[in-house]
Structures are given as C-alpha cells and as structure tokens.
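Structure first, commentary second.
The values are calculated or read from the model by the stated rules, or taken from the named source; none is laboratory data. Everything quoted here is computed from the prediction, not taken from an experiment. Neighbour counts run over all protein chains shown; Cβ positions are idealised from the backbone, glycine included. These accessible areas exclude ligands, DNA and RNA; they are computed on the full protein's heavy atoms, side chains included. Shrake-Rupley method; radii C 1.70, N 1.55, O 1.52, S 1.80 Å.
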Number of protein chains: 2
Amino acid sequence: MVVSQEVGVQIGVLGTGMVGRGLATKLAEAGHAVCLGSRTANNEAATKWAAGIQRATHGTFADAAAFGELVINATPGAASIAALTQAGVDHLAGKVLLDVANALDFSRGYPRLFVCNDDSLGEQIQRAFPAAKVVKALNTLNAELMLNPGGLGTTDHALFVAGDDPAAKAKVKELLRSFGWTQIHDVGGIGGARGMEMMVIAWLGVMNAVGSAMFNWKVVTKA
Amino acid sequence: MVVSQEVGVQIGVLGTGMVGRGLATKLAEAGHAVCLGSRTANNEAATKWAAGIQRATHGTFADAAAFGELVINATPGAASIAALTQAGVDHLAGKVLLDVANALDFSRGYPRLFVCNDDSLGEQIQRAFPAAKVVKALNTLNAELMLNPGGLGTTDHALFVAGDDPAAKAKVKELLRSFGWTQIHDVGGIGGARGMEMMVIAWLGVMNAVGSAMFNWKVVTKA
C-alpha cells in the first residue's frame with residue numbers, strides 16, 4: 001500500500017457525520033479514492049457529499065469496507081461495533097482498520113465513556129474483528145484538525161497511535177505524515193487506546209477552559 | 001494568604017514519598033515553612049528530610065494539617081482518604097487542600113484507576129471533607145517537574161487546575177506561578193479532576209513512547 005499523493009489508496013470511510021465526511025473530503029482532495037459508507041445505500045449526506053467531490057463514491061458500510069484497502073471507522077463510538085458488523089467481517093479481514101471513534105456517552109448529562117480503564121473501544125473492536133489490523137489514532141483532537149495539523153497555524157503538536165500490528169501502524173503513520181503530522185507518539189499495542197480514549201474527558205475540560213475546540217495536545221520533552 | 005517568596009506561607013504536606021518530599025523541599029527552599037506529615041510521628045524518611053532543610057519540620061498527618069494554612073495531599077491515591085481522616089476534618093476545614101494524588105492501581109498487572117469516569121479521587125476527597133476547599137492540580141506530571149517547570153529546559157508547557165472554590169483556585173495558581181508556571185488551564189469545578197486523573201493513563205503510555213518521565217503536556221491553541 002502506497003499512501004503518497006502521487007499514487008492514491010482506496011479508502012473506505014465508515015460514518016457520514018462531521019468526522020467521517022471531514023476525513024473523506026481531505027483524503028479525496030489528497031488524491032485518494034474514497035468510498036463513504038453509511039447504514040443505508042441512499043444516505044442523503046453521503047449522496048450530497050459524493051456529488052461534489054472528485055474520487056468520491058458512497059454506499060453502504062459493506063460497500064465502503066469492500067472498496068477500501070484501508071478502512072476508517074468514523075462512526076459514533078456507541079454505534080461502531082454494529083456499523084463494523086454491517087461492514088462485514090470478511091471485508092475487514094487482513095486490512096488496516098483505522099479507528100478514530102470515541103466511547104463518549106452523554107446520556108447522563110455529563111461527558112463520560114461507556115468503556116474505559118480496564119478496556120477500550122479500540123480493544124473491543126480488535127476483539128470483535130480479530131483478522132482486522134486495528135490502529136487507534138486521531139481520536140484525541142477536533143475533526144477539523146485531524147488531517148490538517150497546520151490548521152492551528154503551526155504543526156508543533158502531537159498525535160498518538162496504538163495498535164498490535166507494527167506494519168499497520170507504520171502505514172497509518174505514513175498516511176498521517178503525508179498530511180503534515182510530524183509528532184506521532186506510538187503508545188504501543190491496542191491497549192494504548194485506553195489512555196488515548198480517556199484523554200478525551202480531559203480534552204472536553206480543556207475545551208471549556210480555552211473556549212474553543214481548535215487546540216491540540218503536545219508532548220514537551222526535555223530540551 | 002500571601003504565597004510570594006518574601007512572605008512564606010505555612011504549608012502542611014501529607015505524604016513522605018517522592019512526591020511529598022519533593023514538593024516539601026521545593027516549598028521550603030522557596031521560603032515557605034513546611035511541616036511534612038506522615039502516618040506516625042517518628043517516620044524515618046520525614047525525620048531525615050526535616051533534619052537537612054531550613055524551615056522544615058515534621059510530624060503526624062494531624063500535626064502537618066494543623067500547621068498548614070494550605071495543606072497538600074501527596075499521599076498515594078489509595079491511601080488518601082485514610083490519611084486525610086487521620087489529618088483530621090477540623091484541621092482541614094476552611095483551608096485550601098491541594099490534591100496532587102492519583103487514583104492509580106497497579107494490582108491487576110496493568111495501570112488502571114480505582115475511580116474514574118463517573119467520579120474521581122478529587123471529588124471523593126471533596127465529598128469526604130466538605131469544609132475543605134479542594135483544588136486538584138499537579139497530578140498530571142512527574143514529581144521532579146511539579147514545582148520546577150524549567151526542568152524541561154523550557155516553561156512552555158501546561159498545568160491544569162480544578163476546584164469548586166474560585167478563591168482557593170486563585171491561591172493555588174498564585175503559588176504555582178511563583179514557581180514559574182505560566183500556562184495554567186482552569187478546567188472548572190472539582191468534577192474537572194476526572195479528566196485530569198484519566199489523563200494519567202495516557203501519560204503512562206507516552207512515558208513508554210518517549211522513554212522518560214521527564215515530559216509534560218502542552219495545550220497548543222490556534223496561533
């Protein structure tokens with residue numbers, strides 16, 4: 001798999017919300033062929049999205065997963081396992097599955113995670129789809145910045161990746177670097193998703209503190 | 001309460017581990033009068049510590065809490081409620097209680113928190129000692145850097161504070177600024193401790209990634 005802009009990759013993006021469409025748009029603009037997948041074949045947002053963008057198609061979760069050499073889970077965390085099940089275990093087998101979802105649950109009136117601490121959404125997905133190569137990344141920042149690190153006026157800030165398959169992580173890092181990311185901290189196996197997902201509760205607190213979602217973490221090491 | 005170096009404050013530090021002694025040393029060096037509190041009056045580490053440092057005394061948790069205008073909880077998270085109970089509810093009433101502890105539990109062979117997500121150690125402490133003014137801070141970084149932000153060769157990195165009492169938070173921020181901290185993000189009421197404490201799982205992952213505990217978070221906002 002080559003992920004440079006010269007030779008585009010076929011990417012299936014699952015989820016037609018702000019995150020899914022945002023990622024799909026950036027990926028198509030960068031020269032990749034993107035199929036945006038949704039629960040139904042005639043999803044209005046996906047149809048509208050695909051009509052306006054080159055190298056863009058849309059279809060069901062299964063269509064998108066079958067299309068992708070790399071598949072991105074950009075569905076809401078609470079719906080991710082169901083969406084990936086619809087996408088089809090066979091369509092995910094052997095592929096890099098980039099999981100950007102968060103286990104957020106707002107049903108109790110405050111932000112919490114429906115899984116954390118002793119498990120994570122990334123791990124749940126890896127267990128449910130053992131033949132997929134799950135890589136957790138991009139869940140720690142605002143959708144607008146995910147493939148646009150320069151959106152902060154500097155690229156001096158960080159991403160994190162976790163996953164059990166080193167080659168799959170390498171491919172995701174290559175893809176991320178092609179979008180300008182320079183600080184990518186590899187926090188180990190898919191168990192590293194726990195910390196990455198738990199950071200999101202801190203992220204929401206900082207969002208209130210700085211009054212904007214346009215910020216990101218950086219890891220400052222000893223100069 | 002004035003926390004400048006010119007007029008020192010009486011500070012009780014609960015906990016004689018690396019964090020407690022590290023904080024107590026820095027505070028005493030900065031001109032504050034510090035009483036280091038431990039479970040027993042004749043704690044060896046505390047006795048040795050106090051002998052070598054100006055403006056330093058030691059005693060029981062109750063002695064230290066009675067001494068302090070400001071009290072710092074630097075005990076292990078799992079022992080904090082018991083230590084603060086020994087310190088005495090009356091000795092904490094009306095005072096700023098700076099809680100730097102983490103809810104870490106290594107008993108299962110991997111780092112986890114014994115409370116998180118729907119609650120936090122900071123909130124548990126505030127509920128157990130309602131007359132204390134609990135401020136969560138300094139739990140998100142290595143003890144060596146807590147009162148020594150320049151230890152990274154730059155002070156361009158961040159702290160977080162949470163607490164229900166604005167005046168108490170202001171006092172803690174003033175103390176932190178006196179040690180060189182310039183980026184202090186106020187994440188709201190003591191409920192903000194949830195995110196701050198959950199970040200610690202991510203911190204451990206990053207520690208493995210960068211191969212050192214000498215790092216800290218920064219919040220990069222739009223330039």
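Please compute the per residue accessible area over region B:51-139 with all protein chains in place, 1.4 Å probe, rounded to a whole number of Å². List each step's numbers first, then the result.
Working: 3400 Å² over 89 residues.
Roughly 38 Å² per residue, with all protein chains present.
Under the definition of partner shielding as Cβ atoms of other protein chains within 10 Å of a residue Cβ, what is the mean value for peptide B:157-165?
On the way: counts 4, 5, 0, 4, 1, 2, 0, 0, 0.
Other-chain Cβ atoms within 10 Å of each residue's Cβ, averaged: 2.
Using Cα pairs under 8 angstrom and six or more residues apart, how large is the relative contact order of chain A, in percent? Intermediate results must be reported in sequence, preceding the final value.
On the way: 481 pairs, mean separation 37.8, N = 223.
In percent, rounded to a whole number, it is 17.
Mind ranking A:55, B:21 by accessible surface for me, highest first, 1.4 Å probe? Write down the numbers at each step before the final one.
Details: A:55 115, B:21 90 Å².
Accessible-area ranking of A:55, B:21, largest first: A:55, B:21.
Kindly provide log₁₀ I(q)/I(0) values, in the same order as q = 0.22 Å⁻¹, from the Debye equation applied to equal alpha-carbon scatterers of region B:51-123.
-0.98
From other protein chains only, count the Cβ atoms within 10 Å of every residue's Cβ in B:113-122, then give the mean. Present the calculation step by step, with values, prior to reporting the outcome.
On the way: counts 4, 1, 1, 6, 11, 4, 1, 1, 0, 0.
Whole-number average of other-chain Cβ neighbours for B:113-122 is 3.
Per-residue Cβ counts within 10 Å, from other chains only, averaged over B:206-213: what number is that? Before the final figure, lay out each step's value.
On the way: counts 12, 2, 6, 10, 6, 1, 2, 0.
That works out to 5 on average.
Show the residues, 5+ positions off or on another chain, whose built amide H is closer than 5 Å to the amide H of residue B:68.
B:12
For region A:159-223, take every pair of Cα atoms, bin their distances at 10 Å starting from 0, and report each bin as a whole percent.
Using 10 Å bins, I get a P(r) of 19, 42, 35, 5 for region A:159-223.
Across region B:157-165, in residue order, what do the Karplus-derived ³J(HN,Hα) couplings come to in whole Hz, using 6.51 cos²θ - 1.76 cosθ + 1.60 with θ = phi - 60° and x for Gly and Pro?
Karplus-based 3J(HN,Hα) across region B:157-165 equals 7, 10, 10, 10, 10, 9, x, 7, 9 Hz.
I'd like the antiparallel share, as a percent to the nearest 5, of DSSP beta bridges with both residues in region B:86-223.
Working: 5 of 13 bridges.
Roughly 40 percent of the beta bridges in region B:86-223 run antiparallel, per DSSP.
For region B:10-210, would you read off the P(r) tail past 27 Å as a percentage of all alpha carbon pairs?
Within region B:10-210, distances greater than 27 Å cover 23 percent of Cα pairs.
Specify whether the C-alpha gyration tensor of region B:107-223 places it in the rounded, prolate or oblate class, a ≥ b ≥ c being the square roots of the eigenvalues: rounded for a/c under 1.5, otherwise prolate if a/b is larger than b/c and oblate if not.
Values: a/c = 1.90, a/b = 1.10, b/c = 1.72.
In terms of gyration-tensor shape, oblate.
Calculate the FRET efficiency for residue B:90 and residue A:156 from the Cβ-Cβ distance with a Förster distance of 51 Å, rounded to the nearest 0.05.
On the way: r = 49 Å, r/R0 = 0.96.
It comes to 0.55.
Tell me, what % of the accessible area of region A:10-210 is carbon and sulfur with a 1.4 angstrom probe? Could you put the intermediate results ahead of the total?
Numbers: 3810 of 7250 Å².
Its accessible area is 52 percent carbon and sulfur atoms.
Could you work out the helix-only [θ] at 222 nm for chain A, with each DSSP H run of four or more residues adding -39,500 (n - 2.57) and the total divided by the number of residues, to the nearest 500 deg cm²/dmol? Before the final figure, lay out the partial values.
Working: 9 runs with 85 residues, N = 223.
So the helix-based figure for chain A works out to -11000 deg cm²/dmol.
Taking 7 Å along the Cα-to-C-beta vector as the label spot, tell me the residue A:82-residue A:45 distance in nanometres, rounded to one decimal.
In this crude label model, residue A:82 to residue A:45 measures out at 1.5 nm.
Near the amide H of residue A:184, under 5 Å away, which other amide H atoms are found, from residues 5 or more places off or on another chain, if H is placed in the peptide plane?
A:159
Only protein chains counted, 1.4 angstrom probe. Which residues of region B:138-154 are at least 40 Å² less accessible in the assembly than when their chain is isolated?
Flagged in region B:138-154: B:152.
So, in Å, what gap is there between the alpha-carbon centers of region B:39-88 and region A:82-131?
About 45 Å separates the Cα centre of region B:39-88 from the one of region A:82-131.
Averaging the inverse of every distinct alpha carbon separation and then flipping it gives the Kirkwood radius. What is it for the protein assembly as shown, in angstrom units? Present the calculation step by step, with values, prior to reporting the outcome.
Working: mean 1/r = 0.0435 Å⁻¹.
Value: 23.0 Å, from the Cα pair sum.
Quick one: Cα centre-to-centre distance for region B:179-223 and region A:153-216, in angstrom?
Computed from Cα coordinates, the inter-centre distance equals 14 Å.
Between copies, how far apart are the residue B:47 label points? List them in nm, one decimal, shortest first, with each point 7 Å from Cα toward Cβ, please?
Reported distances to equivalent positions: 8.2 nm.
Estimate for me the total accessible surface buried between chains A and B (protein heavy atoms, probe 1.4 Å, no ligands or nucleic acids), in Å² to the nearest 100.
Buried surface at the A/B interface: approximately 3000 Å².
May I ask for the Kirkwood hydrodynamic radius of region B:1-105, worked out over all distinct Cα pairs and given in angstroms to one decimal?
On the way: mean 1/r = 0.0762 Å⁻¹.
Result for region B:1-105 stands at 13.1 Å.
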